[in-house]
1. Criterion first (over 30 Å from the mean Cα position of the chain (by Cα) and of a type outside the set (Asp, Glu)) does Lys361 satisfy it?
2. What do you reckon, is Leu72 of a type in the set (A, V, I, L, M) and outside any strand (DSSP E or B)?
3. Mind listing whichever residues of the stretch 407-447 are surrounded by fewer than 24 Cβ atoms within 10 Å (Cβ to Cβ) and of a type in the set (S, T, N, Q)?
4. Is it fair to say Ile460 is among the hydrophobic types (A, V, I, L, M, F, W, C), in a loop (DSSP other than H, G, I, E, B) and buried (at least 19 other Cβ atoms within 10 Å of the Cβ)?
5. Working only within the stretch 353-380, note down all residues that are touching a residue at least 40 places away in the same chain (Cβ under 8 Å) and of a type in the set (A, V, I, L, M, F, W, C).
6. Taking the criterion of being touching a residue at least 60 places away in the same chain (Cβ under 8 Å), assigned to a strand (DSSP E or B) and not acidic (Asp, Glu), would at least one residue in the stretch 591-608 satisfy it?
7. Scan (1) within 12 Å of the chain's Cα centre (by Cα); (2) in the same structural domain as Thr243 (by TED's automatic domain parsing) for the single condition Arg400 breaks and write down its number.
Amino acid sequence: MPLIYLANMTDRFYRIPAFIGLILSLSTSALAQQTGFRWELIAPGVWKSVVGASDKITPLAVAEINPRLDGLKKLGEPTFPNVLTGSTYQQTDGKTYLHFPLQKGEQLFGLGLNFKSVQQRGSIKTLHVDHYNGKDNGRTHAPVPFYVSSRGYGVLINSARYITVYAGTGVRTDSKDMPPEQNRNTQRDWSAQPYSDAVEMVVPAPGTEVYVFAGNNPMEVVQRYNLYCGGGTLPPKWGLGFTHRTPTLFTDEQVLTEVADFEAKGYPLSFVGLEPGWQSHAYPNSFVWDSTRFPKPKLFLDRLLQKNIRANLWINPYVSSHSPIFKDVLPYTGSHLVWVGRVPDFTMAPARNLYKDLFTKQHLSIGISGYKVDEVDGYDNWLWPDVATFPSGLSAEQMRQIYGLQVQKMTDTWFRQRNQRTYGLVRGSNAGSSALPYVIYNDYYDHRDFITALCTSSFIGVLWTPEARSSKTSEEWLRRMQSVCFSPMAMLNAWADGTKPWTFPDVAQDVKDVMLLRMQLLPYLYTTFAQYHFEGKPPIRAMNLVEGFSFDTKTTEGQLNSTENPYAIAARKDLSDQFMVGDFLLVAPMFAGSTTRKVVLPPGKWYDFYTGKLVGEAKVIEITPGLSKIPLFVKEGGIIPMIPPVLHTPVNEEKLPLTIRHYGKSETSWALYDDDGETFDYERSTYSWTRLAVKKNKKGELAGTWSPARNAAFHYTTATWEYMTP
């Protein structure tokens, strides 16, 4: 007899016959017109419930996730989150309504790549793949339907639909924690935002899949989500160097001249990006090389590789009539055009195979290292409308939600089959993309909002880059470049403006210094991404993911204004302008026009990265750092391994000395990761973890030790220890 699991209020699971569970479910539905979820434990700390008739095409299905059970087991086996035991759903009018309880003081994070705020309780969104347009309303490049609670759980709706989310805004008549009725005429503390004790969602489909992830804190929840989705991506080492995207119509010789200029002036460069002009036809695309600008593309790529530099190609997926695959792909394209190009239906194997054959012959076989996938997000007037049809029968809505994810998965598979790691850019993504080697970017260009997006990306299993394109002043240029060098992909995008790192001579040396610092930090950054892959820890982390960290998110009183704020709606406090890179490094970017800023320090002692000086412990400090350096802080016991400044990412055959910095006065240890930096051999255990340890000797002095691996996966020769704290 089939069995199901029901969670009771004590968080224990009871196995009962399915027909009894059905009777109980129907009874509950008859009384409350709502049905309780039936949760199935599918992995350590992960539960799943299928409501009604779930769609076959879902984000997790498209991503073809392969959960890392080894990592999930190491996180332990927590019980089902108590707060969610009262969760219910309804199915009405072909839609599915979901209800998840909230408690007072509970904070919510996630719900897509947001640019204005980190904490999402009190927000309303319709999660819809789109180009971001200045509002956190759910229309964004990665509208991942996953939220994380400060109480240590997360909820994922695995659906490729436009999901509407009321994240603690609606008040039900049957609320268990009803807000008191108020009188604006007499109450000075009257609020326009009554308390809500639930997250409610509308999925415009007759069913869906719901997942719950548990942990002791928000970080463990995020780890569990990333591990369930296959573990975070581990880029090739060259992907963590510096990249420069050249102007659109550059020729091969102009690109090579640009590369030579970087080297001659002493600016690091690991890969270049070729924009639409590399193709014979673009917008829509031929996907073949332009014979006038790139007459011998393989020779061009070989010349780059001789300098240890890779190349990345801009594409969007829409087919020009000038493409060799145009006629063959027509039966597998949709009813509407994008940029007057045909839109392939990648849910169909023939379409995928046509692209694979062409791209392998034209690109991969001659040395291309990755792609920049443009125009898979929006706006509505550029992509197909929701009335579009596709030969697979998939709706336009669903196609919109998974299209960028499909292209990521498809191209990643091509490189994997060659045992070659890639690292690229994409404009649209969704749930399940943690393991896919892509970083999100867009055309929006607000520096402060870019940093907020870095923070919010850490909750939803995607990577984001606050790229630099151009600036009005040298101060702004330096500040943007400083932020770029502490993001998942350090990118200067000169496709339209032709900007160079040295465009502003008065800050050119400072720009060079921070770019070289990025290269020096490669061992630390690479290990941080290894943690992403093996442990699920995001490389860039919002402060709310730091152990023991809390931030007062109480709202501040709103000012009454009859036209701009007629209900005196309060403003939420949020911490969105600082973040962690890995375990030890706190980054506090500066913005043009500001000479001072506040930094919120988590528990424990924190030290200035550059000097080792103690700056504070669990408090708010105000700093005046000057222009030349981005403020960086290291936690007590922090270990930062570094290599000498280099212009290109080291190749597999190259071995370099390490300088290992230690901050603070406590004994500590940390594991340094390494592998060949190019292939997927690490998935077959060809890698190394080296323990770096600092202990006090008999004199009470700190002394560092290490036991370096003696295999081909280890690329460091000697270790020089620097004790930064006086």
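The values are calculated or read from the model by the stated rules, or taken from the named source; none is laboratory data. Model, not experiment: these values are computed from the prediction. Neighbour counts are summed over all protein chains in view; Cβ atoms, including those assigned to glycine, are modelled from backbone coordinates with ideal geometry.
1. Here the answer is yes, as Lys361 does meet what is asked.
2. Values: of a type in the set (A, V, I, L, M): yes; outside any strand (DSSP E or B): yes.
For Leu72, the condition - of a type in the set (A, V, I, L, M) and outside any strand (DSSP E or B) - is met.
3. Thr413, Gln417, Asn419, Gln420, Asn442
4. Details: among the hydrophobic types (A, V, I, L, M, F, W, C): yes; in a loop (DSSP other than H, G, I, E, B): yes; buried (at least 19 other Cβ atoms within 10 Å of the Cβ): yes.
The answer is yes for Ile460.
5. Leu358, Phe359, Leu364, Ile366, Ile368, Val373, Val376
6. Taking every residue of the stretch 591-608 in turn, at least one turns out to be touching a residue at least 60 places away in the same chain (Cβ under 8 Å), assigned to a strand (DSSP E or B) and not acidic (Asp, Glu).
7. (1)
Listed here are the residues, each with its yes/no results for (1) out of contact with any Pro (no Cβ under 7 Å at 6 or more places or on another chain); (2) of a type in the set (Lys, Arg); (3) more than 16 Å from Gly273 (Cβ to Cβ).
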residue	(1), (2), (3)
Cys485	yes, no, yes
Pro488	no, no, no
Met491	yes, no, no
Pro501	yes, no, no
Asp506	yes, no, yes
Val511	no, no, yes
